[in-house]
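Visitor: Take a look at this one; I'll ask things after.
The values are calculated or read from the model by the stated rules, or taken from the named source; none is laboratory data. Remember, it's a predicted structure, so these values are computed and weren't measured experimentally. For neighbour counting, all protein chains shown are included, and Cβ atoms are generated from backbone atoms with ideal geometry for every residue, glycine included. Note: areas computed on protein heavy atoms with side chains; ligands, DNA, RNA excluded. Shrake-Rupley method; radii C 1.70, N 1.55, O 1.52, S 1.80 Å.
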Amino acid sequence: MLLSFHSVHQPRCGVCGKHCKSFESLREHITGPLAKANCSTVFSERGCNLCLRLLDSITSLNEHKELCCFSAPAPLGTIKLPYAVSQIDVSDSNGENLIERGPEAIAMDCEMVGGGSDGSLDLCARVCLIDENEKLLFHAYVEPPISVTNYSGAALLTHVFLVVTRYEVTGLTEEHLRNAMPLKEVQEKILQILYNGESIGRIRVLSDGGKARLLVGHNIEHDLDCLRMNYPNHLLRDTAKYHPLMKTNLVSHSLKYLTRTYLGQVAHLCCLIDLIDFVLLYDIQTGFHDPYEDCVSVMRLYKRMRDLEHHKESIEGSFATHGSQNHFNNFTSWNTKELEKMTPDELYQLSRSNYRCWCLDQGQNTDNN
């Protein structure tokens, strides 16, 4: 219990109640080759393969799947407009609304071109931001701070020519960046959206960031580095580093894998000649990587994790676990003999998760946990 960091926020089997470190571990427990027989049987009848939730009946499951399964968003494409900004009201977030619904989230994604002598230095050439309703807030082609040396070039790696055609990934050419927005102007517009009228001093002092928005992304720190920007760590939500979405060894999954697994899986369609056809219900990055498509995907993943319903913890326990960047179990104040006398349920009440659960971003959970 001391090392497992069990808590109400961990993924948990709806049949036997087993705690798992990640949803991948839970998936192995109920659907893997060594799945527990009873859990596998019950889950196959009433379980959702996407969110891994166990429903009360088959009817409830069918109704749930209609809401749980997404289709991939329409990509923005390599449009020729240099930039687009939607009208943003920075005063629509007041204190009462923040308490009721929690801080608003913004998703961001960047596409890169290569710089440096060998073209291996990542430079942001395109950036996109959306809100929780998947509305485009900002899109721009970015003027790189140094010369671009790799739109579709080759990089020399260990004396072997490894062709790295960035055009085949991003679809960007020199023409897209001809009238691109200067990097400094891009930074200012992004921060205007994220700060939402809040002062940087209050953002860094307040645990919830005040009126500032949460920034969601996949490997979001890399995008910020390429934009030469900083944003407070306690306001970042990274789908590549969120423990429940990682592999069992805490290695990140690709965004493509996460969207297939948690937003829309493979459908099996039986043909007339008894062959099985496979249709991907949610598949991104099949051609050019599209920043809007990736933004929508990370936002949907974030909202799926945020909207999970967890049991209430005590205010003291929640503060001890989530009030700082360091997470410790509450066992240190007890000696070994006292702990040995406790029941598993009593030990569970002392145990805390070693990550900040995104369900705490909901206003109602912030007050109750």
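Visitor: In nm, what is the difference between 0.36 nm times the number of residues separating residue 206 and residue 118 and their Cα-Cα distance?
Guide: Extra length from residue 206 to residue 118 when fully extended: 27.4 nm.
Visitor: Mind checking the full-extension length gain between residue 250 and residue 136? Use 0.36 nm per residue of separation minus the Cα-Cα distance, one decimal, nm.
Guide: Once the chain is fully extended between residue 250 and residue 136, it gains 37.8 nm.
Visitor: A further question on this structure: Could you state the accessible area per residue of the range 23-68 in Å², with a 1.4 Å probe and every protein chain left in place?
Guide: 58
Visitor: If I take R0 = 41 Å and measure r between the Cβ atoms of residue 236 and residue 338 in this structure, what FRET efficiency does the formula 1/(1 + (r/R0)^6) give, to the nearest 0.05?
Guide: FRET efficiency, residue 236 to residue 338: 0.60.
Visitor: Then there is this: Pulled fully out, how much extra length does the chain show between residue 309 and residue 34, if you take 0.36 nm times their separation in residues and subtract their Cα-Cα distance?
Guide: Between residue 309 and residue 34, full extension yields 96.2 nm more.
Visitor: Would you list, by chain and number, the lysines whose Cα falls below 23 Å from the Cα of residue 256, excluding same-chain residues fewer than 8 positions away?
Guide: 21, 65, 135, 241, 247, 303
Visitor: Right, next: Which whole-Hz ³J(HN,Hα) couplings does the range 244-260 yield from phi under the Karplus relation 6.51 cos²θ - 1.76 cosθ + 1.60, θ = phi - 60°, glycine and proline marked x?
Guide: x, 9, 8, 5, 5, 8, 6, 9, 6, 8, 6, 4, 4, 5, 4, 5, 5
Visitor: Hey, got the dipole for the range 23-68? About the Cα centre, +1 on K and R Cβ, -1 on D and E Cβ, debye to the nearest 20?
Guide: Computed about the Cα centre, the dipole is about 100 debye.
Visitor: Taking the range 23-68, how much of its Cα-Cα pair set, in percent, is spaced more than 12 angstrom apart?
Guide: That fraction is 56 percent.
Visitor: Can you send over the solvent-accessible area of residue 40, 1.4 Å probe, protein chains only, in Å² to the nearest 10?
Guide: 40
Visitor: Report, by chain and number, residues whose modeled amide H sits under 5 Å from the one on residue 109, excluding near sequence neighbours (fewer than 5 apart, same chain).
Guide: Result for residue 109 returns 128.
Visitor: Same structure again: Computed FRET efficiency, Cβ-Cβ of residue 57 and residue 191, R0 51 Å: what is it to the nearest 0.05?
Guide: 0.55
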